[in-house]
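As structure tokens, the structure follows; a few thoughts come after it.
All of the numbers you see were taken from the coordinates with simple rules; none came from a lab. This one's a predicted model, so the numbers in the text were calculated from it and none came from an experiment. Neighbour counts are summed over all protein chains in view; Cβ atoms, including those assigned to glycine, are modelled from backbone coordinates with ideal geometry.
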Amino acid sequence: MQPSRPPLAPLFALLAIRATGAFQLQSAAVAAPSLIAELGLTYAEIGMLFGAFMIPGLFLTVPGGLLARRIGDRPVLRGAMVLMAAGAVLAAMANGFTGMLAGRVLSGCGGVVMLMLVIKMTTDRYAGPMLSTATSMVIVSWPAGMAASLVLLGPVGDSLGWRWVLGLSGLPVALAIGLTFLVGHAPPAPVLAAGAVVRRVTWRFIAAASGNWTLYNAAIAVMAGFLPAFLVDTGRPAVAAAALASVVTWSFAAATPFGGLIADRLIGRPAAVIAGAIATGTMLLVVAPADGALWALVVLGIAYAIPPGALTAQVGEATPQHARALVFGWYSAGSYVGLTIAPWIAGRLRDVTADPNAPLLFGAALMFAMLPCFAWFRWEMRRQTG
């Protein structure tokens, strides 16, 4: 008898919930032209606002995972989403950079826990042959949320200013709290036979997995935070530049499920990660010579779509269910190091060099650095599962 397929309603609910985090994260980049013009913020400060959404992940994802293991995923998820909405209100009411930063950090306290739990809950519910596909579909929510933020909030910032951009960034998450009732429950962990050995997860495995996710997400953060400014520098109006930058994330969103299918059905998960890292790094180098042409942005988005589902599925399949809250807590926390620091470094490079392409070159370097890190991860994965 064939095992029944898991229902798809929880998958689409998790996808929509995760999109609200990307929508809110991207709002700082959307508000950047207004913040620079009205308040005189520097690019480094814009990078700090962008990264501030992720900095709580250095401290909260592991405790959040452990709390979810104790009281349940869904109550923690709902509490995290309430914090995200409250932070948006605080940032919109701020009178300066410090207040905005505080609001972004509060949103991030909820956002980082929410993002970690969605990946962990997806792995719990869809472990098996379709795991790359399921995780890829959930990961689609990230570029889709970013693109929606650019398209929907871009005109708001141009006409109403930064307060409305930052405030409205919390509306989708407030509405999505109702979707938490649709995510269902994870199937119970398999019962171990008498005398079976419980597989322990090594810190080397966690560090290698987190390192790859750090580099990948840092490269996305740099691109998302500074591609609109690069396109403005080429002579495009701010609203047109935001809409054009959204092409990357829309292409990413459209291609990501196919990236999971390619990894599961055609080339395998390891090859998908390697091919995606090389293709993405190469296209980040091509954007400036191509003058931000539409074709280059479409190909860049497709390249970004290849690695994430395959990488996350490999982490999930190598981790026993009892350890997933811990492993995905560190997996997410590690990525927040890059998501927090990389936009600030990219902003400093932009300020110091006065070169609008400098952040994109930095993003390319981050993607190429994934290659040796992924080789280390595969070595640790073999030791973990051997």
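Quick rundown of the values:
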read-out	value
Kirkwood hydrodynamic radius of the chain, from inverse mean 1/r over distinct Cα pairs, in Å	20.6 Å
About the Cα centre, charge dipole magnitude for the chain (Lys/Arg +1, Asp/Glu -1 at Cβ), debye	1300 debye
Pair LEU171, THR202: separation of 7 Å Cα→Cβ label points (nm)	5.1 nm
Mean separation of Cα contacts under 8 Å (6+ apart) over length of the stretch 263-314, as relative contact order %	50 percent
Alpha carbon centroid spacing (whole Å) that separates the stretch 52-131 from the stretch 203-282	21 Å
Percentage relative contact order, the chain, counting C-alpha pairs under 8 Å, at least six apart	28 percent
Orientation-averaged projected area, Cα convex hull of the stretch 1-105 (nm²)	8.9 nm²
Full-extension gain in nm, ILE36 to LEU160, via 0.36 nm per residue minus C-alpha separation	43.2 nm
3J(HN,Hα) from dihedral phi, the stretch 219-229, Karplus parametrisation 6.51/-1.76/1.60, rounded to Hz, x for glycine, proline	5, 5, 4, 5, 4, 5, x, 10, 5, x, 5
J(HN,Hα) series, the stretch 107-120, from Karplus relation 6.51 cos²θ - 1.76 cosθ + 1.60, nearest Hz, glycine and proline x	4, x, 4, x, x, 5, 5, 4, 4, 5, 5, 4, 5, 5
By average C-beta atoms within 10 angstrom, highest first, the peptides 284-291, 139-146, 271-278	139-146, 271-278, 284-291
Between helix 57-71 and the chain: long-axis angle, C-alpha atoms, 0 to 90°, nearest 10	40 degrees
Relative exposure of TRP162, TRP250, judged by other C-beta atoms within 10 Å (fewest first)	TRP250, TRP162
Acute angle (nearest 10 degrees) that the helix 324-353 long axis makes with the longest principal axis of the chain, alpha-carbon atoms	20 degrees
For LEU41, residues with placed amide H under 5 Å, excluding near neighbours	ILE36
Residue-span extension gain [ALA290 to ALA9] - 0.36 nm each, minus C-alpha spacing	97.0 nm
From phi via Karplus (6.51, -1.76, 1.60), per-residue ³J(HN,Hα) for the stretch 80-96 in Hz, x at Gly/Pro	4, 5, 4, 4, 4, 5, 5, x, 4, 5, 4, 5, 5, 8, 5, 9, x
Dipole moment magnitude, nearest 20 debye, the stretch 254-369 about Cα centre, only Lys, Arg, Asp, Glu C-beta charged	220 debye
Ratio Rg/Rh, restricted to the stretch 166-310 and using Cα atoms, in which Rh is the Kirkwood radius	1.09
